[in-house]
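For reference, the structure is listed below as structure tokens.
The values are calculated or read from the model by the stated rules, or taken from the named source; none is laboratory data. The model shown is predicted, which means the values in this text are computed figures rather than measured ones. Glycine gets a Cβ as well: all are built from the backbone with ideal geometry, and neighbour counts include every protein chain shown. Please note that ligands, DNA and RNA were not included when accessible areas were found on the heavy atoms of the full protein model with its side chains. Shrake-Rupley method; radii C 1.70, N 1.55, O 1.52, S 1.80 Å.
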Amino acid sequence: MFTRPRRFGKTLNMSMLEHFFSLNGDKHIFEGLDISKETTLCEKYMGKCPVISVSLKGIDARSYEIAYQMAAQIIIEAAAKFCFLLESEKLNEHDKAAYRDLLDKKMNEGTLGSSLRQLSGMLEKHYGTKVILLIDEYDVPLAKAHANGYYDQMIFLIRSLLGEALKTNNSLKLAVLTGCLRISKESIFTGLNNLKVLTIADERFDEYFGFTDKEVRALLGYYDVPDHFEEVKKWYDGYQFGNAEVYCPWDVLNHCDRIRSNPDVQPENYWINTSSNDAVKWFIEESANATTKREIERLVAGEIITKEIHQELTYAEVYQSIDNIWSLLFTAGYLTQRGKAEGRQMKLAIRDIFVTQIMEFFKENVREDGEMLNRFCDALRNEDTENVEKIFTEYLRRTISIRDTDVRTEMKENFYHGIILGILGVKTRWGISSNREMGEGYADILAEPDTGDMGIIIEVKYAHDGDLDEACKEALKQIEYTKYEDDLEDDGVEKILKYGIACYKKRCRVMLAENR
């Protein structure tokens with residue numbers, strides 16, 4: 001069983017294994033590859049076994065009844081690939097009747113639970129050789145069941161299906177499973193003693209999910225964009241599986257595809273947009289205690305923290321405590337290992353690419369206090385710098401702070417910039433723009449209250465040395481220098497307020513320029 005984060009090539013590797021071993025696989029795809037040079041191995045294994053391949057990642061339903069129907073359909077489709085069994089002279093009528101049951105949409109739980117074992121037995125009888133079984137994303141039904149309230153029922157079904165397929169299946173030669181989380185053996189693999197689990201912390205097969213430096217260079221060279229290597233490395237490298245440093249293949253391939261048509265395209269976080277990221281949201285919501293918040297701040301700042309990681313959990317256990325969620329974030333790919341583990345103690349770092357998302361979740365979590373946000377906006381409009389400063393400081397105390405380590409200056413200012421934009425968003429009838437071209441430069445934030453006669457220009461600065469007063473003055477100088485207010489005056493805006501807001505960790509200073 002291989003456990004890897006999503007989008008790291010689990011399904012692709014399973015497809016490769018199916019084509020390699022299967023009697024009906026496409027052998028031409030291996031021509032010219034390194035494996036084709038291993039003639040003895042290929043002669044012994046390539047195209048020599050019946051293969052049953054199923055993916056459970058499509059079992060996503062709000063109720064157990066619908067999920068069960070989805071599971072049954074997956075088995076029906078897997079069995080239907082071998083319809084020649086109905087004509088096989090090696091199978092008796094009892095076998096063929098059992099095969100027909102596997103094609104019945106109304107199959108009962110007993111038939112579904114024994115389906116993979118039964119199908120294996122039929123294929124061994126027909127071909128005279130044992131079967132290879134490939135089960136992709138085995139844990140997805142459990143994750144969806146936990147989220148939708150039918151976890152116990154799904155555990156029973158998956159335990160039955162996998163138990164019979166892997167433990168009491170005399171027709172089985174080899175089975176390979178993939179998933180994101182290593183589910184506790186006691187919950188679904190009871191009695192299965194010969195299961196070899198290869199997680200992202202294991203050294204065996206560490207480089208075979210994800211791309212290495214060498215492979216990324218070769219890929220970019222193949223597509224004639226080798227000059228983008230440093231850019232790709234900066235954005236998509238940084239995972240450690242076992243002893244291997246790897247890139248996320250989903251990110252690399254998506255970005256490579258885009259730069260082929262537009263060499264100037266900016267890198268994006270493709271991986272993060274392929275999931276709801278519920279685990280991270282739950283983690284942020286539950287991280288109210290000061291210790292956890294400080295640990296998140298350290299990660300965001302580029303530091304390393306040490307945590308005890310449990311790679312065998314049930315989904316119910318994962319969400320029982322904040323300590324267990326660290327394990328899920330690690331196995332899901334949000335955190336990555338640094339150096340060697342000492343028992344269960346691991347040094348963890350966050351990938352830079354997820355920092356912005358973590359910050360966004362914190363801002364969303366605090367944004368729910370509409371009363372406080374309205375007070376902030378009203379204070380801005382009323383030129384009440386004392387309350388603007390007081391409320392914004394209160395807000396910052398409830399989110400994470402930016403520590404002065406490796407985080408880039410631009411990212412620090414963007415964080416506070418984003419917080420203020422989020423607060424102003426409570427005023428749905430105000431006009432809010434960010435980095436709008438005005439005068440001779442770009443205003444950080446422009447807010448236009450619904451009265452139509454006022455414009456509020458806000459310039460945000462990060463005080464690198466902690467001197468908030470000086471940073472505020474710099475912000476106001478920038479507003480004057482770039483003449484942000486000229487466009488507003490041309491539009492007939494009568495009252496223009498210019499704020500400099502300086503931030504340092506969880507402190508801020510607010511200054512209002514004098515009206516000229």
Inset, instruction - Using the Cα centre as the reference, give the magnitude of the dipole from point charges on the C-beta atoms of the chain (Lys, Arg: +1; Asp, Glu: -1; all else neutral), rounded to the nearest 20 debye. - result: 2440
Legend entry - Heavy-atom SASA rank of GLU43, GLU297, GLU448, GLU489 (probe 1.4 Å, accessible area, largest first): GLU43, GLU489, GLU448, GLU297
Legend entry - segment 1-153 - charge dipole about Cα centre, Lys and Arg +1 at Cβ, Asp and Glu -1, debye rounded to 20: 240
Inset, instruction - Would you grab the residues whose amide H sits under 5 Å from the one on ALA443? Only those 5+ places off in sequence or on another chain, please, with H modelled 1.01 Å from N. - result: ARG436, MET438
Inset, instruction - Any aspartates and glutamates with Cα under 19 Å of the LYS105 Cα? List them, leaving off those in the same chain fewer than 8 positions away. - result: ASP60, GLU65, GLU77, ASP95
Legend entry - Net charge over other residues, Cβ less than 13 angstrom from the Cβ of ASP206 (K, R count +1; D, E count -1): -1
Inset, instruction - Step through the residues of segment 147-154 one at a time and calculate ³J(HN,Hα) from phi using the Karplus curve (6.51 cos²θ - 1.76 cosθ + 1.60, θ = phi - 60°), rounding each to whole Hz and writing x for Gly and Pro. - result: 5, 10, x, 10, 4, 4, 5, 6
Legend entry - Under 16 Å from LYS167, Cα to Cα: aspartates and glutamates that are on another chain or at least 8 residues apart: GLU186
Inset, instruction - Compute the Cα gyration tensor for segment 1-130, then decide on rounded, prolate or oblate, letting a ≥ b ≥ c be the square roots of its eigenvalues: rounded whenever a/c is under 1.5, prolate when a/b is larger than b/c in the other cases, and oblate in all that remain. - result: oblate
Inset, instruction - Hey, can you grab everything whose amide H is under 5 Å from the amide H of THR306? Only 5+ residues off in sequence or another chain; H modelled, so Pro and N-termini drop out. - result: LEU348
Inset, instruction - Just check segment 102-213 against the gyration tensor rule for me: Cα atoms, a ≥ b ≥ c as the square roots of the eigenvalues, rounded for a/c under 1.5, and otherwise prolate or oblate depending on whether a/b exceeds b/c. - result: oblate
Legend entry - By accessible area with a 1.4 Å probe, ligands and nucleic acids excluded, highest first: order of TRP250, TRP326: TRP250, TRP326
Legend entry - Solvent-accessible surface (1.4 angstrom probe) belonging to GLU394, in square angstrom, nearest 10: 70
Inset, instruction - Under 29 Å Cα to Cα from LYS498, which lysines show up? Leave out anything in the same chain fewer than 8 places away. - result: LYS363, LYS390, LYS412, LYS427, LYS461, LYS473, LYS477, LYS483, LYS506
Legend entry - Selection from THR331, VAL176, ALA447 lying farthest towards where the dipole of the chain points positive, charges on Cβ: VAL176
Legend entry - Cβ-derived FRET efficiency at R0 30 Å, LYS48 paired with LEU192, nearest 0.05: 0.75
